[in-house]
């Protein structure tokens, strides 16, 4: 069964979360350097049977676009060309990083890296809840 992946894109790091095959649970997976993300996706998509990728869409708290929003839109259009078989979905990520930081404040680099994956899991959890409410 296919899974859904979520990405929390940052300037340097990308947090990654993965659903289970029943599309109920979102679990933090890993954090990848932004320079390595396309290679990571090339390997991970097939290995984990990914058919859909949810990308955190960073609107401001007022719902407007920021410089980071435009970076995400640009990146999405690039990877859609590289992975045409994958459905890419933008999903509101407001406060996901703050929620991840509040869960366990990062004191070390490893904890900070893990917080990106936790933020991606919050994004994915919200998306999975939306999908289940449509049934």
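For the stretch 27-44, the set of residues classified as surrounded by 16 or more Cβ atoms within 10 Å (Cβ to Cβ) and in a helix (DSSP H, G or I) consists of 37, 41, 44, listed by residue number. Filtered by the rule that a residue be assigned to a loop (DSSP other than H, G, I, E, B) and either buried (at least 20 other Cβ atoms within 10 Å of the Cβ) or more than 11 Å from the chain's Cα centre (by Cα) (or both), the stretch 1-26 gives 1, 2, 11, 12, 20, 21, 22, 23, 24, 25.
Would you pick out the residues in the stretch 31-54 that are in contact with a helix residue (DSSP H, G or I) (Cβ under 6 Å, 6 or more places away or on another chain) and either without any contact (Cβ under 8 Å) to a residue 40 or more places away in the chain or farther than 14 Å from residue 125 by Cα (or both)? The answer is 31, 32. Among the residues in the stretch 59-82, are any under 19 Å from residue 117 (Cβ atoms), in a loop (DSSP other than H, G, I, E, B) and in contact with a helix residue (DSSP H, G or I) (Cβ under 8 Å, 6 or more places away or on another chain)? No. Checking every residue in the stretch 90-102 against the condition of being at pLDDT 95 or above and closer than 17 Å to residue 4 by Cβ gives at least one match.
Here residue 61 meets each of (1) within 19 Å of residue 90 (Cβ to Cβ); (2) at pLDDT 95 or above with one exception, condition (2).
The values are calculated or read from the model by the stated rules, or taken from the named source; none is laboratory data. Model, not experiment: these values are computed from the prediction. No Cβ is skipped: glycine too gets one built from the backbone with ideal geometry, and neighbour counts run over all protein chains shown.
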